[in-house]
1. How large is the dipole of the chain about the Cα centre if only Lys and Arg carry +1 and Asp and Glu carry -1, each at its Cβ, rounded to the nearest 20 debye?
2. Among PRO111, THR70, VAL86, which residue has its Cα positioned farthest towards the positive end of the charge dipole of the chain, with +1 placed on the Cβ of Lys and Arg, -1 on the Cβ of Asp and Glu, and the dipole taken about the Cα centre?
3. Mind checking the full-extension length gain between ARG68 and ALA24? Use 0.36 nm per residue of separation minus the Cα-Cα distance, one decimal, nm.
4. Return the distance in nm (one decimal) between the two label points of a simple spin-label model at MET55 and LEU93, each offset 7 Å from Cα along Cα→Cβ.
5. When you count, for each residue, the other Cβ atoms within 10 Å and take the mean per peptide, how do 13-20, 79-86 rank with the highest first?
6. Using only the Cα atoms of the chain, build the gyration tensor, take square roots of its eigenvalues as a ≥ b ≥ c, and label the shape rounded, prolate or oblate: rounded if a/c is under 1.5, else prolate if a/b is larger than b/c, else oblate.
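Each reported figure results from applying straightforward, stated rules to the coordinates on display, with no laboratory input. Every value quoted in this text rests on a predicted model; they were computed, and no experiment measured them. Neighbour counts run over all protein chains shown; Cβ positions are idealised from the backbone, glycine included.
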Amino acid sequence: MIDRGYSLPTTRAWLVRENKWRAARHGLDAHIVVDEEGTTVPLRDAIQEMVEDLMPVAARLGCTEELRRTFEVMERGPSYIRQREVVAAGGTLTDVVDGLVQELRSDQPAPRPAALSAAAT
């Protein structure tokens, strides 16, 4: 849109606040409000559509791989889900922090807890 000289649509403050709350409360499982009538869509669908819309721009900027990583986050789950899975599998806070350190060092999501316990035996 910007490339064609169009202005981007503005979003009312109440809608932004509502969607921030929904995302904070429900994470990627949230349903966000997309219009003034209160229509909601799954956040994952909205992200998918937005990433697809942005792909041509990303291609011109040379950052399509970086943008595609959005799909990896949705598929593998964000960090907070992996952290919860570690605890649900019987892990400690130390195990959660170890997983975070591993992710920072490798720049890759840590393995799922089942893979961690299988590797330890």
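1. That gives a dipole near 280 debye.
2. My answer, from the dipole projection, is VAL86.
3. 13.6 nm
4. So the label points at MET55 and LEU93 sit 4.4 nm apart.
5. 79-86, 13-20
6. Here the chain falls in the oblate category.
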